[in-house]
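Novice: Structure incoming, see below.
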Amino acid sequence: MPDSVSLSGDFSDFLQHARVQQRLSPRTLTLYTDGLARLQRLLADAAIDARALNLAQARRLAALLHREGLAAKSIALQLSVWRSCYRWLGLQGRVALNPFDGLRAPKAPKPLPKALGVDDAVQLASHVPDEMPDSRLEARDRAIVELLYGAGLRAAELIGLDAQASGAAEGWVDLQSGEAHVLGKGGKRRSTPLGRAAAQALQDWLAVRGQLAAPGEPALFVGARGQRLAGSTLRAMLSARAISAGMPAHVHPHMLRHSFASHLLQSSGDLRAVQELLGHAHITTTQVYTQLDHQHLARIYDAAHPRAKK
């Protein structure tokens, strides 16, 4: 326990119990200590007896956390510590009820998905690294970027693609029809069209894939050892390629899916079509991209409208 924090009575006993019986990590123990010290201070300020704390008073304490500027996740953490403490005090017969049972923190706002700007996405898709000793891997990587951005595939969907359609294939690409057939979340199958750039990149990759793929390997995309591409390899490749292309932020596979959805919605405004292309079960999942679209429009307004310019 930090020397600067002095817990009294029941709170000190609970912390000792947690330290010995629950074998908390030093970091978790610090969180418990800080949380109980905050509760002790709030109770003292409100002149409330810790053992007489009731539900209404507990709600007011939770509201004070919000007024102090704590984020929703921090409030949830504080309430969890307090709830655990009073649960133990109840088992010890020191309190008649746990005033924090059923008390929940406010919902944390969901962060908006991160998407590249149109220019950055196109730059990444067309980028050719200065150093790429194996031209076959360069053909593979270009096809991967084109599929992630041009078709909005999830990383798992892309990795699961086979070079040819078969009864055992999770997904495959049909260049003749210009479609990618994938197995998405929940075992749902969907087809998404391939753009001209993606189709050409795939043709270039398929022309050399046989030189890298191990005998009998069905995967469309393979690693340097000829086996199906691993997710870690995919992420590392994309991150390095983005850095080489001068991207302003860390780029991961799902960011290209977000970029696909955001840019398509900006151009078409057709939310239902974007939902189908992404394979979302509910339109509400797709609607988050309308917020990105509004942010895009707001930036255009701020930059172009005479009354918005500073």
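The values are calculated or read from the model by the stated rules, or taken from the named source; none is laboratory data. Please read all numbers here as calculations on a predicted model, not as lab measurements. Methodologically, a virtual Cβ is constructed for each residue, glycine included, from the backbone with ideal geometry; neighbour enumeration extends over all protein chains shown. What goes into the accessible areas is simple: the full protein's heavy atoms, side chains included, and nothing from ligands, DNA or RNA. Shrake-Rupley method; radii C 1.70, N 1.55, O 1.52, S 1.80 Å.
Novice: Using mean projected area of the Cα convex hull in nm² as the read-out, say which of (i) 17.6; (ii) 24.7; (iii) 15.8 was calculated from these coordinates.
Specialist: Matching entry in (i) 17.6; (ii) 24.7; (iii) 15.8: (ii).
Novice: May I ask you to compute the full-extension gain from LEU24 to ARG196, defined as 0.36 nm times their residue separation minus their alpha-carbon distance, rounded to one decimal in nm?
Specialist: 56.3 nm
Novice: Round to the nearest 10 and give me the degree value, 0 to 90, for the angle of helix 196-209's Cα axis relative to the longest principal axis of the chain.
Specialist: 80 degrees
Novice: Separate question: Between THR285, THR233, THR30, find the one with the highest GNM mean-square fluctuation for the chain; connect C-alpha pairs within less than 10 Å.
Specialist: Among THR285, THR233, THR30, the largest mean-square fluctuation in the Gaussian network model of the chain belongs to THR30.
Novice: With Rg and the Kirkwood Rh both taken from Cα atoms, where does Rg over Rh land for region 221-262?
Specialist: 1.04
Novice: Still on this structure, please answer the following. Please work out how much accessible surface ASP120 shows to a 1.4 Å probe, ignoring ligands, DNA and RNA, in Å² rounded to 10.
Specialist: 40 Å²
Novice: Take each of the peptides 147-154, 273-280, average the number of other beta-carbon atoms within 10 Å over its residues, and list them starting from the highest.
Specialist: The densest-packed peptide leads the list: 147-154, 273-280.
Novice: Quick one: how many lysine pairs in the chain have C-alpha atoms under 24 angstrom apart, if they're 8 or more apart or on different chains?
Specialist: 5
Novice: Separate question: For the chain, find the longest principal axis of its Cα atoms and tell me its angle to the long axis of helix 72-91, 0 to 90°, nearest 10.
Specialist: Helix 72-91 and the main axis of the chain meet at about 50 degrees.
Novice: Something else: Per 10 Å bin, what percent of the C-alpha pairs of region 121-254 does each bin hold, from zero upward?
Specialist: Taking all Cα pairs of region 121-254, the binned fractions are 13, 47, 35, 6, 0 percent.
Novice: Using a 1.4 Å probe on the protein heavy atoms only, what accessible surface does HIS181 show? Give it in Å² to the nearest 10.
Specialist: Rounded to the nearest 10, the figure is 40 Å².
Novice: Going by alpha carbons, how many degrees (0 to 90, nearest 10) lie between the helix axis of 231-244 and the longest principal axis of the chain?
Specialist: 80 degrees
Novice: Apply the Debye scattering formula to region 33-163, with a single equal point scatterer on each alpha-carbon and no solvent, then give log10 I(q)/I(0) at q = 0.17, 0.22 Å⁻¹.
Specialist: -0.88, -1.30
Novice: What number results when the radius of gyration of region 11-82, computed over Cα atoms, is divided by 2.2 N^0.38 Å?
Specialist: Against the empirical 2.2 N^0.38 Å value, I get 1.12 for region 11-82.
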